[in-house]
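Below you'll find the structure, written out as structure tokens, and then a few comments.
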Amino acid sequence: MTRFSTRTGRNLEPNGLAVELARRRVSGAPLVDLTVSNPTAAGIAYPTERIAAALALTAGAVYRPDARGLYRVREAVSADYARRGASVSPERIMLTASTSESYAFLFKLLCDPGDSVLVPVPSYPLFEHLATLECVEAVPYPLVYHGSWRLDLEALARAIDARCRAVIVVNPNNPTGSFLLPEELERLSALAERHGLAIVADEVFASYDWSGARDLVHELTGDLPALTFCLGGLSKAAGLPQMKLGWMVTGGPAPLVEAALRRLELVADTFLSVGTPVQEAAPALLEAGAEIRGRIAERCLANLRALPELMRGHPACEVLPVEGGWSCVLRLPRTCGDEERVLELVREDGVLVHPGYFFDFADEGYVVASLLTNPTAFRDGIGRVLARAGSGC
Ligand SMILES: Cc1ncc(COP(=O)(O)O)c(C=O)c1O
């Protein structure tokens, strides 16, 4: 009998929330969706003429594949890092079709089947799937909340074993919105160097900093003692997920950087997955990105500013501080389980939020809302979540 691989054997049965949502959609009842993470579907005005002009440049482009990505595009990405105050040579930049593809390439580079990578929790839920598809194990390490979210570096150190190849940090983290502190980075990179681990820094939200002038780490492209890969892409940095262009910057000790780039080139050359049109358009899209980022920032900040007023009168509920990114986390009384709460919210209140377990929060009582939501819907939806929490769930 034909057999399939175990790595594609994930349970595809819809969960309780998906079933409830499908039921609601069929019934035609309205739903306030506080989980929109796609900026192109969030009613944000895009500079469509600039985007069209950028794409028009690609008509008639000649196919000249370069496994690392066209050099002038890497120069444009380098210039984008300069905007953020980081000096990154185009030689250290490689283009990919998305951040997900960057992860897949890095797991191929660093891991043999059965090796592991350390992943933060709570965080981006795709890590486990990305790792499984490469026959790699995603081993969690915790972020802990004491007024702000910090890496639990002791627990991280305990999770390292002989099969561990890399540690992933998401900076700022999704959904907690927390950036690394300089002292955390120092300890993390010393730990990584001591154990021969690579650091993979997911910086897709790094341009979205709501913290003001605080001393936070915004990117890991500097001279760290461990081999380091910083991931970014048009998806978040320019609010253009449909373009499918990501990048990674390799840093650390020079011999390791050189060896890693040579091997990554081999991986990328096997697929040559980044389309020529998006590369031709990328420098202009990166420029248009400033305008799009501005609109996204306006949206996120409008929703963040609405929160204190919305929370008034709900002393048992709390919005956790948001340093950056596109989400906010609400801590609610643990009067009912997360699953029951989100199901009730859809069924009874017509509002959808992400339950904390979606991001592997260690405790119950957390829900996550997207700051990309239309501000009227955001106020309405958060109001309904808080009202239900007040009524016992
Ligand atoms: C932390 C994080 N990394 C990566 C991605 C995906 O990026 P891309 O669209 O470039 O694959 C997301 C998407 O939400 C994310 O939250």
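The values are calculated or read from the model by the stated rules, or taken from the named source; none is laboratory data. For clarity, every value in this text was computed on a predicted model and none was experimentally measured. Cβ sites come from the backbone with ideal geometry, for glycine too, and all protein chains shown count toward neighbours.
Things worth noting here:
- Any chance residue 75 is within 16 Å of the ligand (Cβ to nearest atom), among the charged types (D, E, K, R) and in contact (Cβ under 8 Å) with a residue 12 or more places away in the chain: no
- Some residue of segment 91-98 being closer than 19 Å to residue 201 by Cβ, hydrophobic (A, V, I, L, M, F, W, C) and in a helix (DSSP H, G or I): no
One line per residue, one yes/no per condition, for (1) over 30 Å from residue 304 (Cα atoms); (2) β-branched (Val, Ile, Thr); (3) buried (at least 18 other Cβ atoms within 10 Å of the Cβ):
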site	(1), (2), (3)
6	yes, yes, no
27	yes, no, no
36	no, yes, yes
43	no, no, no
63	yes, no, no
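- Test set (1) part of a helix (DSSP H, G or I); (2) within 16 Å of the ligand (Cβ to nearest atom); (3) more than 20 Å from residue 288 (Cα to Cα) - residue 24 fails condition number: (2)
- When 162, 131, 192, 157 are checked against the criterion of being within 16 Å of the ligand (Cβ to nearest atom) and modelled with pLDDT of 95 or more, 131 stands alone in meeting it.
- The lone exception for residue 198 - which of (1) crowded, with 21+ Cβ neighbours inside 10 Å; (2) away from the ligand (no atom under 14 Å from the Cβ); (3) without any contact (Cβ under 8 Å) to a residue 40 or more places away in the chain it fails: (3)
- Candidate set: segment 312-329, residues that are in a loop (DSSP other than H, G, I, E, B) and of a type in the set (Gly, Ala, Ser); chosen: the one farthest from the chain's Cα centre (by Cα): 313
- Filtered residues of segment 99-128 (kept if away from the ligand (no atom under 12 Å from the Cβ) and part of a loop (DSSP other than H, G, I, E, B)): 111, 112, 113, 114, 115
- Count of residues meeting criterion [under 23 Å from residue 146 (Cβ atoms) and surrounded by fewer than 23 Cβ atoms within 10 Å (Cβ to Cβ)] in segment 331-353: 4
- The set of residues in segment 154-179 that are free of Cβ contacts under 8 Å to residues at least 60 places away in the same chain and either acidic (Asp, Glu) or in a loop (DSSP other than H, G, I, E, B) (or both) comprises 154, 160, 161, 162, 163, 171.
- Residue that is nearest to the ligand (Cβ to nearest atom) [pool: residues in segment 245-260 that are part of a loop (DSSP other than H, G, I, E, B) and either surrounded by fewer than 24 Cβ atoms within 10 Å (Cβ to Cβ) or without any contact (Cβ under 8 Å) to a residue 40 or more places away in the chain (or both)]: 252
- Which numbered condition residue 225 misses (of (1) more than 14 Å from the ligand (Cβ to nearest atom); (2) within 15 Å of residue 84 (Cβ to Cβ)): (2)
- Flag for residue 331 being of a type in the set (Lys, Arg) and touching a strand residue (DSSP E or B) at 6+ places or on another chain (Cβ under 7 Å): yes
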